[in-house]
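What follows is a single structure, written as structure tokens, with notes after it.
The values are calculated or read from the model by the stated rules, or taken from the named source; none is laboratory data. This structure is a prediction, so every number in the text was calculated from the model and none was measured. Glycine also receives a Cβ, built like all others from the backbone with ideal geometry; neighbour counts cover every protein chain displayed.
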Amino acid sequence: MFATSGQEAFFEGHVHAFRVLGGVPRAHIRYDNLRAAVERVLGFSRGRVEADRWTAFRSHWGVEAFYCRPGIEGAHEKGGDEGQIGYFRRNHFVPVPEVASLTELNAMVDQWDQADEVRRLRGRTRTIGDYFDQERDLLRPLPTELFETGRWFTPRVNRFSQIGVRGNAYSVPVRYIGRQLRVLLHANDLVVYDGRNVVTLHERLGGRHGSRLVLDHYLEALMRKPGAFPGSTALEQARSAGRFTPVHDKWSSAAKAAHGDAAGTRALIEVLLLARHMDHEQMVAGLAAAYRAGALTADAVALEARKLSESEGEPALPDHAAAGPATGDEGPTASVTSLADWKLSHLPPDTPPLPSVAHYDQLLQRRPGRTASEKEGS
């Protein structure tokens, strides 16, 4: 299953099917006249003008295409396929399954497909899996070299730190504003490159005029202009995705009340920058502990997160963290140590003796006066 029905999804579906089968069918594969493969139908004959990338894909995998006639004339040529699709839909997608992501749904589809091998078609004496075992050796072997199913683009980053791909906007870190980057677009995601280095990875948007913004990409700019933080689209998307939790909101409100709006917002941005160096759950747990103790600095959050990590391994987010930090009656209050005191407590013991200045006392003694004979001799 894919988020879009473009040519990238068409190719990736083929690749997945061939890998599951363990080879490529030697006989032709029947196709409808979909735009991803066919640019133009030549009259009512079998002639087709194929898309260039589809021709290259077929040649690489050794696929022989058989195009059905358009309209009612070709309905009988793919009746078996339509019937099996209907069976699968009625038995597995009614009611519509509830999943958290396409990855989870695709895993379920693979399991259903695997379980379908024990099914016996009407009028047949053997199962689907038995018949496939007989034909498995007839498949062509998979090619050793890969075919890139994605499509490359080279957009330029605009002043909003975004790139436009297929009518949608995706954010990149603000340091790339004005730069031209390379984008590899797949059916469900897109990868942004600066040379050979991966800049960011986004889930692909369907439709047009949408935006996918990551709050972390804008933190350096928001540090200079903290007033733009509360109403930013990136913040709203982070909140919707669960990356900006109620714990963040309560800690931010307390920090603004203590330090002022601008300084409190900058302190929150410093906390968000911690996510580049520690797990999200670890950082939120430290944020909740610092809030309970009234510690409203990024250093305190980092210290509490590190203390929880060292004492309990990977810190699990408390049950109440999803709804906000605990108050004074929700368990023991966390003890917060300043960063300087924490560093001093981890120094090795100072065992050498204290220094002495006794050797310098002789410099303080007055030299005795010279005798008269010593003066005459001189």
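The listed residues are Arg48, Arg53, Arg58, and the only one of them that is of a type in the set (Lys, Arg), surrounded by 11 or more Cβ atoms within 10 Å (Cβ to Cβ) and without any contact (Cβ under 8 Å) to a residue 12 or more places away in the chain turns out to be Arg58. Here Asp81 meets each of (1) surrounded by fewer than 14 Cβ atoms within 10 Å (Cβ to Cβ); (2) at pLDDT 90 or above with one exception, condition (2).
Which one is farthest from Ala100 (Cα to Cα) among residues in the stretch 229-277 that are without any contact (Cβ under 8 Å) to a residue 40 or more places away in the chain, surrounded by fewer than 16 Cβ atoms within 10 Å (Cβ to Cβ) and of a type outside the set (Gly, Ala, Ser)? The selected residue is His259. For the stretch 29-45, filtered to residues that are within 18 Å of Val15 (Cα to Cα) and in contact with a strand residue (DSSP E or B) (Cβ under 7 Å, 6 or more places away or on another chain), the residue that is surrounded by the most Cβ atoms within 10 Å (Cβ to Cβ) is Ala37. Checking the stated criteria, Leu142 turns out not to satisfy the condition of being over 23 Å from the mean Cα position of the chain (by Cα), in contact (Cβ under 8 Å) with a residue 60 or more places away in the chain and farther than 27 Å from Met1 by Cα. Candidates in the stretch 213-228 are the residues that are without any contact (Cβ under 8 Å) to a residue 24 or more places away in the chain and not in a loop (DSSP other than H, G, I, E, B); of these, the one that is surrounded by the fewest Cβ atoms within 10 Å (Cβ to Cβ) is Arg224.
Quick check, is Ala17 part of a helix (DSSP H, G or I), within 29 Å of Glu148 (Cα to Cα), of a type outside the set (Asp, Glu) and without any contact (Cβ under 8 Å) to a residue 12 or more places away in the chain? Criteria met by Ala17. Only one of the numbered conditions (1) under 17 Å from the mean Cα position of the chain (by Cα); (2) closer than 16 Å to Phe160 by Cα is not met by Gly231, and that is (1). Scanning the stretch 174-193 for residues that are over 18 Å from Gly206 (Cβ atoms) and free of Cβ contacts under 8 Å to residues at least 24 places away in the same chain turns up Tyr176, Ile177, Gly178, Arg179, Tyr193.
Mind telling me which of the residues Phe160, Phe93, Phe147 ends up being closer than 30 Å to Gly62 by Cα and at pLDDT 90 or above?
Phe147
Check whether at least one residue in the stretch 188-202 is in a loop (DSSP other than H, G, I, E, B) and among the hydrophobic types (A, V, I, L, M, F, W, C), and report yes or no. No, that holds for no residue.
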